[in-house]
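Structure below; questions to follow.
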Amino acid sequence: MKAVTITTAGGPEVLQISEVETPPLPTADRVRVRVRAAGLNRADVLQRLGHYPAPPGFPQNIPGLEFAGEVEAVGDEVQTWKIGQRVFGIIAGGAQAEYVVVPANQLAEIPGNLDWPEAAAVPEVFITAHDALFTRANLRPGETMLVHAAGSGVGTAAIQLAGVAGATAFGTSRTADKLERAKAFGLSNAVAVGGDPLSIIAPIMEWTRGRGVNVIIDLVGAAYLEANLSALASRGRLVLVGTTAGAKATLDFSLAMGKRLTIVGTMLRARSLEEKATATRLFGEQVVPLLASGKVRPVIDRVYKMEEIDEAHARMEANESFGKIVLLM
């Protein structure tokens, strides 16, 4: 089969399309999927740079954390999926290839109103956003939510899911244009972050009449920690999802203790198969119907052919994208 491969650690030029061994026919509870499209994520860039290796058991040289395709073969224990069904899901690596083999309980059926690129733009960002908002932060109707990097794939998913749940969504970005575009997906108020993340505190307090926000989904990282703690309301919840702005910061214990804050980290890739199955099940039950009805939708920046993988990586690294970058397999 053909696959995107990382030949060595480095820039986009180290990526190439290679002929690699096709995964064997599935057994037991496994399903082999003919991949039609795959999403591109920051993790793929980090893996290419040599900073984020795939977990044991997954190819180190084939990136890709999400896919959309057709069931091509099933193991003898699989009863939930039939040959030819359109499915999407997450995987710890190897999705940017023509075939993947995954556990049956880590798949969900693609709604009929989504084409291949739209379907491939869904799993990683919507499962991450849904898990962060509701499983980790327990976001409730009437509350407020702030997401950093509001124009990203996870950001636009979080904005939409918060709105459907009856919460008010605020956002930040380094690019004012992305914030303006995000308003079409339910973003209530937004602030462009300059050189000082602390500049976000004043507008947030103005929007919330001095109370602060109930939930913050931080897709950026350590540089925003001090601002996050100050911007959270009493009993606020901070969910740490990304580290593009660093992974280490000084925590003000007195502020966290005084506000009775909850700080929780989350990462899909490193979770056990059981945890991923649970996250996928909740996604299938609670998010897929919203996609089918059009209440939420994937946000696609650009679609590239597999052979244009270097261009796709260059665009992501330049922070030019709004929403998801998708590859056609």
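The values are calculated or read from the model by the stated rules, or taken from the named source; none is laboratory data. Every value quoted in this text rests on a predicted model; they were computed, and no experiment measured them. Cβ coordinates were reconstructed from backbone atoms using ideal geometry, including for glycine residues, and neighbour counts include every protein chain displayed.
Each row is one residue, and each column tells you yes or no for (1) surrounded by 11 or more Cβ atoms within 10 Å (Cβ to Cβ); (2) touching a helix residue (DSSP H, G or I) at 6+ places or on another chain (Cβ under 9 Å).
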{"site": "T243", "(1), (2)": "yes, yes"}
{"site": "A247", "(1), (2)": "no, yes"}
{"site": "D252", "(1), (2)": "yes, yes"}
{"site": "M257", "(1), (2)": "no, no"}
{"site": "V264", "(1), (2)": "yes, yes"}
{"site": "R269", "(1), (2)": "yes, yes"}
{"site": "S272", "(1), (2)": "no, no"}
{"site": "E275", "(1), (2)": "yes, no"}
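Could I ask something else about it? Between L107, L133, which is over 24 Å from L240 (Cβ atoms) and crowded, with 22+ Cβ neighbours inside 10 Å? Step through it out loud before you land on a result.
On the way: L133 fails: over 24 Å from L240 (Cβ atoms).
Being over 24 Å from L240 (Cβ atoms) and crowded, with 22+ Cβ neighbours inside 10 Å holds for just one of L107, L133, which is L107.
On to the next question. Might you check whether a residue that is without any contact (Cβ under 8 Å) to a residue 60 or more places away in the chain, more than 20 Å from L65 (Cβ to Cβ) and among the β-branched types (V, I, T) occurs anywhere in segment 157-167?
Of all residues in segment 157-167, those without any contact (Cβ under 8 Å) to a residue 60 or more places away in the chain come to 158-159, 162-163, 165-167.
Subset that is more than 20 Å from L65 (Cβ to Cβ): 159, 162-163, 165-167.
So of that shortlist, the ones also among the β-branched types (V, I, T) come out as 159.
Yes, some residue in segment 157-167 is without any contact (Cβ under 8 Å) to a residue 60 or more places away in the chain, more than 20 Å from L65 (Cβ to Cβ) and among the β-branched types (V, I, T).
Which ones in segment 164-184 are surrounded by fewer than 21 Cβ atoms within 10 Å (Cβ to Cβ) and of a type in the set (V, I, T)?
V164, T168, T175 - these are the residues of segment 164-184 that are surrounded by fewer than 21 Cβ atoms within 10 Å (Cβ to Cβ) and of a type in the set (V, I, T).
Within segment 294-319, count every residue that is of a type outside the set (D, E) and under 24 Å from R174 (Cα atoms).
To start, the set of residues in segment 294-319 that are of a type outside the set (D, E) comprises 294-300, 302-306, 309, 312-316, 318-319.
With under 24 Å from R174 (Cα atoms) added as a condition, the list becomes 297-300, 302-303, 312-316, 318-319.
Qualifying residue count, segment 294-319: 13.
Could you tell me which residue of segment 67-98 is surrounded by the fewest Cβ atoms within 10 Å (Cβ to Cβ), considering only residues that are within 24 Å of V287 (Cα to Cα) and charged (D, E, K, R)?
It comes out as K82.
Oh, and also: Can you pull out the residues in segment 253-288 that are aromatic (F, W, Y) and free of Cβ contacts under 8 Å to residues at least 24 places away in the same chain?
Step one: filter segment 253-288 for residues aromatic (F, W, Y), giving 253, 283.
Residue satisfying the conditions is F253 alone.
Can you tell me how many residues within segment 74-88 are assigned to a strand (DSSP E or B) and either touching a residue at least 60 places away in the same chain (Cβ under 8 Å) or within 21 Å of G112 (Cα to Cα) (or both)?
3
Got a sec? Which strands (runs of 3 or more DSSP E) wholly within segment 1-70 have at least 2 residues that are of a type in the set (D, E) and within 23 Å of E118 (Cα to Cα)?
On the way: elements: 2-6, 15-19, 30-40.
Fully inside segment 1-70 and qualifying: nothing.
When you scan segment 98-197 for helices (runs of 4 or more DSSP H) that lie fully inside it, which ones turn up with 3 or more residues that are in contact with an Asp or Glu (Cβ under 6 Å, 6 or more places away or on another chain) and at pLDDT 95 or above? Walk me through how you get there before you give the answer.
Numbers: elements: 116-120, 123-130, 153-164, 176-182.
Filter on segment 98-197 gives an empty set.
Same structure again: Residues of segment 185-199 being crowded, with 24+ Cβ neighbours inside 10 Å and farther than 20 Å from A137 by Cα, which ones? If you could, list the steps in order and put the result at the bottom.
Pass one, segment 185-199, residues crowded, with 24+ Cβ neighbours inside 10 Å: 187, 190.
Listed by number, the list holds a single entry, A190.
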